[in-house]
1. What are the residues in segment 7-45 that are farther than 22 Å from LEU65 by Cβ, in contact with a strand residue (DSSP E or B) (Cβ under 8 Å, 6 or more places away or on another chain), surrounded by fewer than 22 Cβ atoms within 10 Å (Cβ to Cβ) and β-branched (Val, Ile, Thr), if any?
2. From (1) within 10 Å of the ligand (Cβ to nearest atom); (2) hydroxyl-bearing (Ser, Thr, Tyr); (3) part of a loop (DSSP other than H, G, I, E, B), pick out the condition that doesn't hold for THR162.
3. Hey, does segment 219-226 have a residue that's at pLDDT 95 or above, touching a His at 6+ places or on another chain (Cβ under 6 Å) and either more than 16 Å from the ligand (Cβ to nearest atom) or not in a loop (DSSP other than H, G, I, E, B) (or both)?
4. What number of residues within segment 197-206 are modelled with pLDDT under 95 and either touching a helix residue (DSSP H, G or I) at 6+ places or on another chain (Cβ under 6 Å) or closer than 18 Å to MET156 by Cβ (or both)?
5. Which of (1) surrounded by fewer than 21 Cβ atoms within 10 Å (Cβ to Cβ); (2) away from the ligand (no atom under 13 Å from the Cβ); (3) over 24 Å from ASN12 (Cβ atoms) does ARG234 not meet, given it meets every other one?
6. Quick check, is ALA265 outside any helix (DSSP H, G or I), modelled with pLDDT of 95 or more, touching a helix residue (DSSP H, G or I) at 6+ places or on another chain (Cβ under 8 Å) and away from the ligand (no atom under 11 Å from the Cβ)?
7. Looking only at segment 55-76, how many residues end up being without any contact (Cβ under 8 Å) to a residue 40 or more places away in the chain and among the polar types (S, T, N, Q)?
8. Do you know which residues across segment 171-209 are assigned to a strand (DSSP E or B) and without any contact (Cβ under 8 Å) to a residue 40 or more places away in the chain?
Amino acid sequence: MTDVPIVLATWNHGVPATERALAELTRGATAVDAAERGVMVVEADCPDRSVGLQGWPDRDGIVTLDAAIMDDTGRSGAVACVRGVAHPIALARRVMDRTPHALIVGPGAEDFARAEGLFTGTRPLDAVQDAAWKDWLRERQYRPRANSENHDTIGMLVRDATARLAASCTTSGLAWKMHGRVGDSPLVGAGLFVDPKAGAAVCTGLGEVVMRKLTSCIAVERMRAGASPAQACREALQRLIESGPLDANVQVGLIVLARDGTHAAGALQRGFTYALGTPGGVALHEAIAVA
Ligand code: GLY
């Protein structure tokens, strides 16, 4: 089956990531290769400081990264709380391709990165990270803010020209988190999910909310039961709201891609942007808010 490729990715930084993924698809990359290489653009350069080694540190001044990748054969790989790895998505891919495991964390993941030639070394905070961390230390208050600190996670969904699906996400997690904290991004079913028959979904936002409700899995399962991507997106987000009152600062964004290429995006609140790419070009959109 030959078809038109489609890529979706979270936030404004989804635009360069989507452009890269589409270029990879044009060169003949598979969906999972494009999903890996697309998000690497943001790992290397993230002006929002929410992805990669330039991300905001935890409250101890340490940058730790989470990433995951999944294809439509049910394979997945993930790493969490890893230091000194410029491209954690590539490490997650190696977990998927070269180990019998689904998730490797902390020092074990760093050892694996060394063995795979992907350990780029721990380094001091740069001047911007250091100044922001010292500023935060003055009050030591942890208050997530919708659409600002939570500009986290580059999440991507890819459908290639043969209708194969893949999903990826990578993040430095919430700024000023407790050391060792892991969010939804490396957790299959929470941060991302792919089903060969139904489609795929990726979440961004406050991981603690998403990982308690498995929002990506719910969206895909709703499509499996016959819902359109827009209905699936709305219902998965509605489940977050039904679970109890959410703080006004909690944001969760969700992008959904059905096996047939139809797609949707939604968020708890306004302000969640996402990139949509086809061979005709890449455009930035704002998702509809359900709350
Ligand atoms: N959604 C990413 C995180 O909470 O770490």
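1. THR30
2. Result: THR162 fails condition (1) only.
3. So in segment 219-226, the residues at pLDDT 95 or above come out as 219-226.
Adding the requirement that they be touching a His at 6+ places or on another chain (Cβ under 6 Å) leaves none.
Taking every residue of segment 219-226 in turn, none turns out to be at pLDDT 95 or above, touching a His at 6+ places or on another chain (Cβ under 6 Å) and either more than 16 Å from the ligand (Cβ to nearest atom) or not in a loop (DSSP other than H, G, I, E, B) (or both).
4. 1
5. Condition not satisfied by ARG234: (3).
6. Values: outside any helix (DSSP H, G or I): yes; modelled with pLDDT of 95 or more: yes; touching a helix residue (DSSP H, G or I) at 6+ places or on another chain (Cβ under 8 Å): yes; away from the ligand (no atom under 11 Å from the Cβ): yes.
For ALA265, the condition - outside any helix (DSSP H, G or I), modelled with pLDDT of 95 or more, touching a helix residue (DSSP H, G or I) at 6+ places or on another chain (Cβ under 8 Å) and away from the ligand (no atom under 11 Å from the Cβ) - is met.
7. We begin by selecting, within segment 55-76, every residue without any contact (Cβ under 8 Å) to a residue 40 or more places away in the chain; these are 75.
Next cut, among the polar types (S, T, N, Q) only: none.
Selection size over segment 55-76: 0.
8. Start the filter on segment 171-209 by keeping residues that are assigned to a strand (DSSP E or B), which leaves 171, 188, 192-195, 199-205.
Residues satisfying the conditions do not exist here.
The values are calculated or read from the model by the stated rules, or taken from the named source; none is laboratory data. Since the model is a prediction, treat every value here as computed from it, not as a measurement. All Cβ positions, even for glycine, are placed from backbone atoms using ideal geometry, and neighbour counts span all protein chains on display.
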